[in-house]
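These notes concern the structure reproduced below.
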Amino acid sequence: MSAWSRGEAGLWAAAMSYALVRRYGHWTAGRRWAHEEGDSDGGPVGNRCCPRGSITTPEKTLARVVAALCEWRGRLESLAGWFEAYPLEPADVGGRRIPWVRAARHLIPQVTDRTGCGSGRHGHRCQALTRFLSRRGIAPDTAQGLNDQSIGGRFLSWNDPGRALVEGIAERLALSLRPDAGTRSAEPTPDHPERWLAVREAVPWQEAPDNRDPARCCLPGLAPD
């Protein structure tokens, strides 16, 4: 079963993910971010787990793919709604820190409710806070730094953060904000998956030796062994 999961089942799941990205867009890649120790650790998707539970008969397997994709899409739309519920601006943070505290305080439990308190769920929680700051006009690198500084490793696997910890992180995050944190680069953010797909299409697969990993041949910046 372990060999099958890493081999045939893993290849099928990757091919399905590739097909969905090509058909619907890069957002679909999150459909395999399952709860606990699934394909990807600590995600918000309950309709996907590991190959053993997600790849069975053709009909049931495709139904799970659709359910996981719809669940992930719903999660993205739910987060987007929460982000828009707090139309805050970095320039106003000097006199309006309480709304920033309230926003972070409400967002953290939302992630906990979707992922539970199992393995790796702190990754999605950190991601959601960083994306919220970026959506509110804070430069992505600055948002990531503020998030790391405020959380400081205090989100752990199999551990409910509790109200006191949530309050402390929300307040620390708000106090770390500065009015000039919204400076963004004039250059658009590089779309690395799109570049990867373009390079992948250009690779002459038929010329690759059998003893080389073709994935390494198509990744920008990685020379084949």
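The values are calculated or read from the model by the stated rules, or taken from the named source; none is laboratory data. All figures in this text were calculated on a predicted structure; none of them were measured in a lab. Note: areas computed on protein heavy atoms with side chains; ligands, DNA, RNA excluded. Shrake-Rupley method; radii C 1.70, N 1.55, O 1.52, S 1.80 Å.
In plain terms, the chain from residue 52 to residue 29 could stretch by 6.3 nm, reckoned as 0.36 nm per residue minus the Cα-Cα distance. Backbone geometry of the range 25-32 corresponds, through the Karplus equation with coefficients 6.51, -1.76 and 1.60 at θ = phi - 60°, to 3J(HN,Hα) couplings of x, 5, 4, 5, 4, x, 5, 9 Hz, x marking Gly and Pro. The range 1-79 and the range 119-151 have Cα centres spaced 24 Å apart.
Return the Rg/Rh value of the range 1-77, two decimal places, where both radii are evaluated on C-alpha atoms and Rh is the Kirkwood radius.
0.94
In the complete set of protein chains, residue-level accessible area for residue 200 is approximately 70 Å², probe 1.4 angstrom. Need one word for the range 1-150: rounded, prolate or oblate. Basis is the Cα gyration tensor (sqrt eigenvalues a ≥ b ≥ c); a/c below 1.5 gives rounded, then a/b vs b/c decides. Prolate, because a/c is 1.5 or more and a/b exceeds b/c. Scalar couplings 3J(HN,Hα) for the range 69-75, obtained by applying the Karplus form with A = 6.51, B = -1.76, C = 1.60 to θ = phi - 60°, are 5, 5, 5, 5, 4, x, 5 Hz; x denotes Gly and Pro.
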